[in-house]
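Notes follow once the structure below has been shown.
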Amino acid sequence: LTHEKKLDLALKVYAHFHNVLAIKDIGLSNSLLSVLSKKGDLKRMRLVFDRIKMQGISPDVRTFTIFMEAHYRRDEIEGVQKAWTAMERRKIEPDDVAVQILLRSLGKLSGAIAAEDTLSSRPSSSAGAWEEVIAAYARERNQRKSGEVFRKMVESGVKPSERTFVELAR
């Protein structure tokens, strides 16, 4: 249903699963949230999230990552940070994707220094997290800092990927 862009019908089917069949599956909710996110429909995303809470379903890291990505696409750093904080408040461990979205958002919307400070406060073994900071400095045309972050990345034992070198070459 969601691939056919019939979101109203998809929402009704979703409600049926939750209300009539009492299926309490976060995966189903996340799938719908993901489709709504790609359409930029934060209003409906919040409705689905409210339904999740009413049904007693616990959101997971993917739920919050979907919200972070939706806010990032809209250049809303406050929304990204709000989703991150909600995830932390629920003691949900962020995965690599969530960390990368946070760093990408900070790098793009608040500057490379904010992204680097955040990475320094929560070291990551993910090349993707380091690459977001390198990319932020590259966007600011600061190759010296990109190189410094790369050096720290390698010194911390994180293996560079092809993307690392693409970002350094910018």
Helix-only CD estimate at 222 nm, as mean residue ellipticity for the chain, using -39500 (n - 2.57) per DSSP H run (n ≥ 4): -21500 deg cm²/dmol
The chain: Rg to Rh, with Rh as the Kirkwood radius over Cα pairs: 1.06
For SER146, solvent-accessible area (1.4 Å; no DNA, RNA or ligand), Å²: 0
Entries in LYS24/LYS91; LYS24/LYS53; LYS39/LYS108; LYS82/LYS145 that, when Cα-Cα distance is taken, lie over 18 Å: LYS24/LYS91; LYS39/LYS108; LYS82/LYS145
In Å², nearest 10: area of GLU132 left accessible to a 1.4 Å probe: 10
HN-Hα J in Hz across the range 66-76 - Karplus 6.51, -1.76, 1.60, θ = phi - 60°, x for Gly and Pro: 4, 5, 4, 5, 4, 5, 4, 4, 9, 6, 10
In sequence order, calculated HN-Hα J values of the range 88-96 (Karplus, 6.51, -1.76, 1.60; Hz; x Gly/Pro): 5, 4, 8, 6, 8, 6, x, 8, 4
Residue-normalised accessible area of the range 9-165, expressed per residue, 1.4 Å probe, Å²: 53
GNM top mover of ALA86, ALA138, ALA114 - the chain, alpha-carbon springs below 10 Å: ALA86
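The values are calculated or read from the model by the stated rules, or taken from the named source; none is laboratory data. Not measured: the values here are computed from a predicted model. Note: areas computed on protein heavy atoms with side chains; ligands, DNA, RNA excluded. Shrake-Rupley method; radii C 1.70, N 1.55, O 1.52, S 1.80 Å.
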